[in-house]
Amino acid sequence: MIPTQLGPCAVRVQEAPRRRDHIADVYLHGAAGSWTTFQPLLPGSPERDQILLDLPGWGDSTVSARLESATVEAMAGAVVEVLDSLGYRTWNLVGHSMGGVIALHLAAAWPEQTRSVAAISPTAFGVAHSVRHPWRGLATLPWFVGMLLLMRAMAAPGAWGLPLIRGVGATPLMRLLLSPLFADPAAIPADVIRGLGRNARPRAFCAATRAVAQYDFAQWNGIRCPILAIRGDSDAFTPPSDLDQLASAGPHVRTMTVPNCGHFAIAEQPTLVTELLDELRHR
């Protein structure tokens, strides 16, 4: 547990057999996620130390989390506090969903330290527009808007959101509720479904969506490190237009739409994602 400006942050480190000085691969999960999101990608014998965080408000980092202050900038600052505490000076970033937005901000704000960014289904421009204008968002990201409105209702004072989610999470109904996130929901392992149910936290989810809606994406214009941005061809939260906007930043941005995949390429196409990460880090 490492203290940060947003509260204590739980961190797990998978050490490389031969540690390369002060360099790490850092994994940043999304809303309704935790470090376990990235388990399918972890190598048996990594080239560099692997750093997996539970961002304040999620996973094992819920105690004393200051969600009211959780802007994208503040969450990125908390990540840097963790990495500084552990002695890392440069890093490769892997972010899923909201974690992809945080990773891209880190690349913009800490350019000397950031070697590469892999943004897997980053919830950026389309989600920000839908949070600000939910009724318009129904036409473009209906599943996201539906989840947003449901989470807002469950996060209201006196609501029974968290106990309800925990109860449903232990039943087959959770797979049905999460089906829009996957191209083939029936093929997703039960432990992945249960993990998403455990990590669904209405207050933290609403804080994350506010942070993305308030973020100034123009800050990404100065990113110069290699960027890989991917989405699934059935992605309900990251539309094709988001990757088009990222690709316009320059030749250092590579985009890809992964076939037979939804919002969780990490779970649905882990072998392909691992290969793409290896290519990115060796560019």
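Details
- Counted residues, the stretch 242-278 - those being in contact with a Leu (Cβ under 8 Å, 6 or more places away or on another chain), part of a helix (DSSP H, G or I) and farther than 25 Å from Leu148 by Cβ: 5
This table checks each residue for (1) closer than 19 Å to Asp49 by Cα; (2) hydroxyl-bearing (Ser, Thr, Tyr).
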residue: Thr71; (1), (2): no, yes
residue: Ala74; (1), (2): no, no
residue: Glu81; (1), (2): yes, no
residue: Leu106; (1), (2): yes, no
residue: Val131; (1), (2): no, no
residue: Arg136; (1), (2): no, no
residue: Ala139; (1), (2): no, no
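- Condition check for Glu81 on (1) open to solvent by 10 Å² or more (accessible area, probe 1.4 Å); (2) under 27 Å from Val192 (Cβ atoms); (3) in contact with a strand residue (DSSP E or B) (Cβ under 8 Å, 6 or more places away or on another chain): one failure, at (2).
- Remark: Val273 matches the filter, which requires a residue to be touching a residue at least 12 places away in the same chain (Cβ under 8 Å), within 15 Å of the chain's Cα centre (by Cα) and buried (at least 17 other Cβ atoms within 10 Å of the Cβ).
- Verdict on Glu112 being modelled with pLDDT of 95 or more and over 16 Å from Ala207 (Cβ atoms): yes
- Close contacts from the stretch 130-141, counting a first residue that is modelled with pLDDT of 90 or more and a second that is surrounded by 14 or more Cβ atoms within 10 Å (Cβ to Cβ) and not in a helix (DSSP H, G or I), with Cβ to Cβ under 8 Å and a gap of 6+ residues or different chains, come to Ser130/Leu141; Thr140/Pro239; Leu141/Ala236; Leu141/Phe237; Leu141/Pro239.
- Residue, surrounded by the fewest Cβ atoms within 10 Å (Cβ to Cβ), within the stretch 246-268, restricted to residues that are modelled with pLDDT of 95 or more and among the polar types (S, T, N, Q): Thr257
- Sub-6 Å Cβ pairs linking a first residue in the stretch 202-219 that is among the aromatic types (Phe, Trp, Tyr) to a second residue that is assigned to a helix (DSSP H, G or I) and open to solvent by 10 Å² or more (accessible area, probe 1.4 Å), at least 6 apart or interchain, are Phe205/Met151, ordered by first then second residue.
- Scanning the stretch 12-41 for residues that are under 19 Å from Ala200 (Cα atoms), in contact (Cβ under 8 Å) with a residue 40 or more places away in the chain and of a type in the set (A, V, I, L, M, F, W, C) turns up Leu28, Ala31, Ala32, Phe38.
Yes or no, residue by residue, for (1) touching a helix residue (DSSP H, G or I) at 6+ places or on another chain (Cβ under 9 Å); (2) open to solvent by less than 10 Å² (accessible area, probe 1.4 Å):
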position: Trp35; (1), (2): no, no
position: Pro40; (1), (2): yes, no
position: Ser45; (1), (2): no, no
position: Asp54; (1), (2): yes, yes
position: Thr62; (1), (2): yes, no
position: Leu67; (1), (2): yes, no
position: Val72; (1), (2): yes, yes
position: Met75; (1), (2): yes, yes
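- Selection status of Ser234, open to solvent by 20 Å² or more (accessible area, probe 1.4 Å), touching a residue at least 40 places away in the same chain (Cβ under 8 Å), within 18 Å of Gly126 (Cβ to Cβ) and not hydrophobic (A, V, I, L, M, F, W, C): yes
- Filter pass, Met174 being in contact with a Leu (Cβ under 8 Å, 6 or more places away or on another chain), without any contact (Cβ under 8 Å) to a residue 40 or more places away in the chain and closer than 23 Å to Phe237 by Cβ: yes
- Within the stretch 24-33, considering residues that are among the hydrophobic types (A, V, I, L, M, F, W, C) and farther than 17 Å from Trp91 by Cα, the one surrounded by the fewest Cβ atoms within 10 Å (Cβ to Cβ): Ala32
- Count - residues of the stretch 121-137 that are loosely packed, with under 15 Cβ neighbours inside 10 Å and in a helix (DSSP H, G or I): 3
The values are calculated or read from the model by the stated rules, or taken from the named source; none is laboratory data. Quantities reported herein were computed from a predicted structural model and do not represent experimental measurements. All Cβ positions, glycine included, derive from the backbone under ideal geometry; neighbour counts span all protein chains shown. For accessibility, only protein heavy atoms count, side chains too; no ligands or nucleic acids. Shrake-Rupley method; radii C 1.70, N 1.55, O 1.52, S 1.80 Å.
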